[in-house]
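The structure under discussion appears below in the form of C-alpha cells.
The values are calculated or read from the model by the stated rules, or taken from the named source; none is laboratory data. Everything numeric in this text was worked out from a predicted model, so none of it was measured. Note that we place each Cβ from the backbone using ideal geometry, even for glycine, and neighbour counts take in every protein chain shown.
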Amino acid sequence: MNRILTTLALTAAALAAQAQSPAAGDPGTIRFSVNGMVCAFCAQGIEKRLTKMPETGPLYINLAQKVVAVEPKPGMRIDIEKVKAEIVEAGYAVSAAQAVPMTVAAIRTQMRAK
Amino acid sequence: MDLTGLRHALDVSSLLRPLTLAAATLALCGQAAALPMGPYESSMLMLDSTPATRSVSVNHAVAQTWAPGVTLQRWEEPAAHGASLLREGAGLSLTHRLHRWNLPQAQANLWLVGEAGQLRRAGGHGRSAGEGGYGALAFMADYETTRVYAGSSLKLLRSGGGLRYDVARLRTGFSFWEAEYEGIQPWFIVEAARTRYGVGSMREGTQLTPMLRLIHRRWFVEAGVNRDGGMFNLMFNH
C-alpha cells in the first residue's frame, strides 16, 4: 500500500513538474533513479543520449546510488517522459523520476558528501 | 564430417563440461552480462592480446539488442616439439543481446554472438595448410553490480579439415572501492580459460589469469599475467 502511495505521489510530482514551468529560483532539475546502471559504460551510454537533447544543461550521474540528475538550460525545461524514453532506449529502466529544487552542482555536492 | 570427426566434435562437450556447467549455472541463476556491444547507436572497439592470440573487433549497435561488426583474429595452436601452427581469420559478426535484467542494484545479460568468415591455416606437423570458411558461435552471460562482477562465455569455432578452436571462460572479481562515474574504477578480476584445439592438439588445459581492470567513462582496459605471459584487453565505446 505504501509503495502504491509512493508511486502515486512520485507520478503526481512528475506530472506537476511537466505541466508547470519551474518556480522562480527553481532550476527545474529532475532526478531519475535508474535500474541496471552499474558501470561506466552504462552511464556513458545514458550521458551520450541525454547530452544530445537541446534542453539538457548540467548533468550528474551517480553510479553507487543509480541516480541521473538533469538540469535544463536557462529558459528551458526538462520533459520527464522524453528523458525516460532516452534512458530506456539506452537499455536501462527508470524506477522513479522526481523534480528537485536544486541545481545539479548542489546535488553532486550533496551526494558526494554522503 | 566422418564418424571420427563427429566423435571428436562431440567430445568437446566432455572436455568443456565443468566450465560449460558453470556457465549454464550462472545463466540459470539469472546472472549474465558482459558487454560485447555498446548502447544503441554506439560503436564498440575491442582489442585482445595474449602470447598466443590476437584479435580486433568493431561493431555498431543498430538497435538496442543487435550489433553487426567485423573481426580479425589470429592464434597459434600448439604443435609438436614446441612449435605452433598459425591460424588467421577475418569475418563478419553479429552480436545479439538475448535478455537484460535491469535490477535495482545490478545488471545481468545474456548474449549470443555469431561469426562467419575466411580462415587461413599454416600447415606442418601432419596438418595441411589451406584456406577456407569458418563459423563460430559464442554464448555469454554476466552479472555486475558496482562492486562485484561475474561472467562466463563459451565460443565454438569450426572450419574445414577438422579445425576447431573452442574457448570457455569464467571470470569473477570485485572493485577496490565504490568509484564515481567521473573517476577511474579499478577492479581485480580472475579469469579461468580453457581452450580446445583440433584433433591431436598438443596442449589443452585451464589457464588462470589474475587481472587488473580499469574503467573510465568510455575506456575499458584489462592487463594480466599468467604462466604463458602477459595479456591485454581494451574496449572503447563511441
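Just to be sure I understand, how many residues within region B:29-43 are more than 7 Å from every other protein chain (Cβ to nearest Cβ), buried (at least 24 other Cβ atoms within 10 Å of the Cβ) and at pLDDT 80 or above?
Total satisfying the criteria: 2.
Is there a residue being on the phi > 0 side of the Ramachandran plot, assigned to a loop (DSSP other than H, G, I, E, B), more than 15 Å from the chain's Cα centre (by Cα) and within 14 Å of chain A (Cβ to nearest Cβ) anywhere in region B:196-212?
Checked against the condition, which is being on the phi > 0 side of the Ramachandran plot, assigned to a loop (DSSP other than H, G, I, E, B), more than 15 Å from the chain's Cα centre (by Cα) and within 14 Å of chain A (Cβ to nearest Cβ), region B:196-212 yields no hits at all.
From B:Ser153, B:Ser175, B:Ser159, which residue is in contact with a strand residue (DSSP E or B) (Cβ under 7 Å, 6 or more places away or on another chain), of a type in the set (Gly, Ala, Ser) and farther than 22 Å from B:Ser57 by Cα?
Step by step, each of B:Ser153, B:Ser175, B:Ser159 is checked, and only B:Ser175 is in contact with a strand residue (DSSP E or B) (Cβ under 7 Å, 6 or more places away or on another chain), of a type in the set (Gly, Ala, Ser) and farther than 22 Å from B:Ser57 by Cα.
Conditions tested, residue by residue: (1) over 27 Å from B:His81 (Cα atoms); (2) more than 13 Å from the chain's Cα centre (by Cα).
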position: B:Gly135; (1), (2): yes, yes
position: B:Phe139; (1), (2): yes, no
position: B:Leu157; (1), (2): no, no
position: B:Val167; (1), (2): no, no
position: B:Ile215; (1), (2): yes, yes
position: B:Ala223; (1), (2): yes, yes
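Mind listing just one residue for me: the one in region B:169-190 that is surrounded by fewer than 16 Cβ atoms within 10 Å (Cβ to Cβ) and among the aliphatic types (A, V, I, L, M) and, of those, nearest to B:Glu144 (Cα to Cα)?
B:Val190
Scan (1) charged (D, E, K, R); (2) free of Cβ contacts under 8 Å to residues at least 60 places away in the same chain; (3) touching a helix residue (DSSP H, G or I) at 6+ places or on another chain (Cβ under 8 Å) for the single condition A:Asp79 breaks and write down its number.
Against the list (1) charged (D, E, K, R); (2) free of Cβ contacts under 8 Å to residues at least 60 places away in the same chain; (3) touching a helix residue (DSSP H, G or I) at 6+ places or on another chain (Cβ under 8 Å), A:Asp79 comes up short only on (2).
Hey, any hits in region B:194-202 for a residue that's at pLDDT 85 or above, under 30 Å from B:Ala80 (Cβ atoms), surrounded by 14 or more Cβ atoms within 10 Å (Cβ to Cβ) and touching a Ser or Thr at 6+ places or on another chain (Cβ under 8 Å)?
yes
Is it true that some residue in region B:130-140 is part of a loop (DSSP other than H, G, I, E, B) and either touching a strand residue (DSSP E or B) at 6+ places or on another chain (Cβ under 9 Å) or surrounded by fewer than 18 Cβ atoms within 10 Å (Cβ to Cβ) (or both)?
no
Report, ordered by the first and then the second residue, all pairs with beta carbons closer than 9 Å, sequence separation of six or more or different chains, a first member in region B:99-120 that is within 13 Å of another protein chain (Cβ to nearest Cβ), and a second member that is of a type in the set (Phe, Trp, Tyr) and assigned to a loop (DSSP other than H, G, I, E, B).
Pairs found: B:Arg100/A:Tyr92; B:Asn102/A:Tyr92; B:Gln107/A:Tyr92.
Identify the residue in region A:38-77 that is away from every other protein chain (no Cβ under 12 Å), more than 13 Å from A:Thr103 (Cα to Cα) and hydrophobic (A, V, I, L, M, F, W, C) and, among all such residues, is surrounded by the fewest Cβ atoms within 10 Å (Cβ to Cβ).
This residue is A:Met76.
For region B:146-163, state whether one or more residues are assigned to a loop (DSSP other than H, G, I, E, B), among the hydroxyl-bearing types (Ser, Thr, Tyr) and surrounded by 19 or more Cβ atoms within 10 Å (Cβ to Cβ).
yes
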